[in-house]
Every structure is written in C-alpha cells, then in structure tokens.
Amino acid sequence: MKEVVKLLKSFAYAGRGIIDCISRERNFRIHIVAVLTVTIFAVLYGVTKTEGAVLALTMSLVVALEAMNTAVESAVDLTSDRRSERARLAKDAAAGAVLIAAVGSVAVAVLVFGDTARLMPAVLTVLRYWYLAAAYIVIMAVFVFAAAYEKRRK
C-alpha cells in the first residue's frame, strides 16, 4: 500500500510541476496553445493514426523540453544571484533544445499538413466558422498573456 501511495504522490508532484509551468511561464503557455491549435486542426484535416502519432510525439517533445528548460533555469537561478558564463551556457543550451524541437515540429507539421487536397477543406471549415476561430484566438491570447499581466502587477 505504501508503494501505491508513493506512486500517487509522484503523479501529484508531476501534475503540480505542469501547473506551475502553465501559471508561471509564458513560453510554456504558448506551446500549450500550439498543441491545442494543431490538435483541433488535425481533427479538421482528418489525420491518419500514424500522422496523429507523429504529431503527438512531436508536440509532447516540445512541451517536455520547455518544462525541462524551466527546470534548468530555475535550478541555475537557485544556485547563484551572480551572472556567470556557465549559468548562461546552461540556460542558453536548454532554450536551444526547445528551439531545435520547435523547428522540427514545424517541419513535421509541413509534412503532415502538406496535402492540399486535404488542406483546403480544413481551411474552408475554419473560414466558414470564422467567428469561432476569432473567439478561439482571443481566448488563447488571454490565456497566454493574462498571467504575465498578473505577474507584472505584483
């Protein structure tokens, strides 16, 4: 029973880490918005199971690396208040890993969504329901930037 409790606690800690990333890191929220947007568009586009698996793996890699970037930055900041070349390298390398994965995810998206015969009906669906797309954009912008506004006010 103790092992089950320990396992459940580890999931709770991981969930708290994800919530902390969402609430504190604008770039993490941007990646979450990208994941939601790609997922919605993938449904409209009609991706195959294989395409969906590639998209899911790619998106989870970017989000996971963004969480690791946050962890590295926090750990480096915790160790010293002074600027150092080693600290800069650690932070920049972690951010670079996210950038590499993000660029790779764009390449995956181009390959998956590149079939114009399937792309046009999906785009037309978005255009047909432009008011829903506009509302989605506004809601996602608030999600990304509202927490940053709250942080500045404090």
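Each reported figure results from applying straightforward, stated rules to the coordinates on display, with no laboratory input. This is a predicted model, so every value here is computed, not measured. Positions of Cβ are backbone-derived with ideal geometry, glycine not excepted, and every protein chain shown enters the neighbour counts.
Miscellaneous remarks
- Helix-only arithmetic for the chain: the sum of -39500 (n - 2.57) across DSSP H runs with n ≥ 4, divided by the residue total, places the mean residue ellipticity at 222 nm at -31500 deg cm²/dmol.
- Remark: relative contact order (the chain) = 33 percent; criterion is Cα-Cα distance under 8 angstrom and separation of 6 or more residues.
- With the charge dipole of the chain set up from +1 on Lys and Arg Cβ and -1 on Asp and Glu Cβ about the Cα centre, the Cα lying farthest toward the positive end among the listed residues ILE32, GLY46, ALA109 is that of ILE32.
- For the chain, the membrane-span-like helices by this rule, meaning whole DSSP H stretches whose C-alpha atoms cover at least 24 Å of axis and whose Kyte-Doolittle mean is -0.5 or above, are 2-24, 26-45, 49-79, 85-112, 130-153; this says nothing about an actual membrane.
- Label corresponding to percent of Cα pairs over 18 Å apart when calculated from the structure given, among (1) 57; (2) 54; (3) 69: (3)
- With the simple model of a label 7 Å out from the Cα in the direction of the Cβ, TYR131 to THR48 spans 3.8 nm.
- Debye, to nearest 20: dipole size of the stretch 26-153, +1 on Lys, Arg Cβ, -1 on Asp, Glu Cβ: 300
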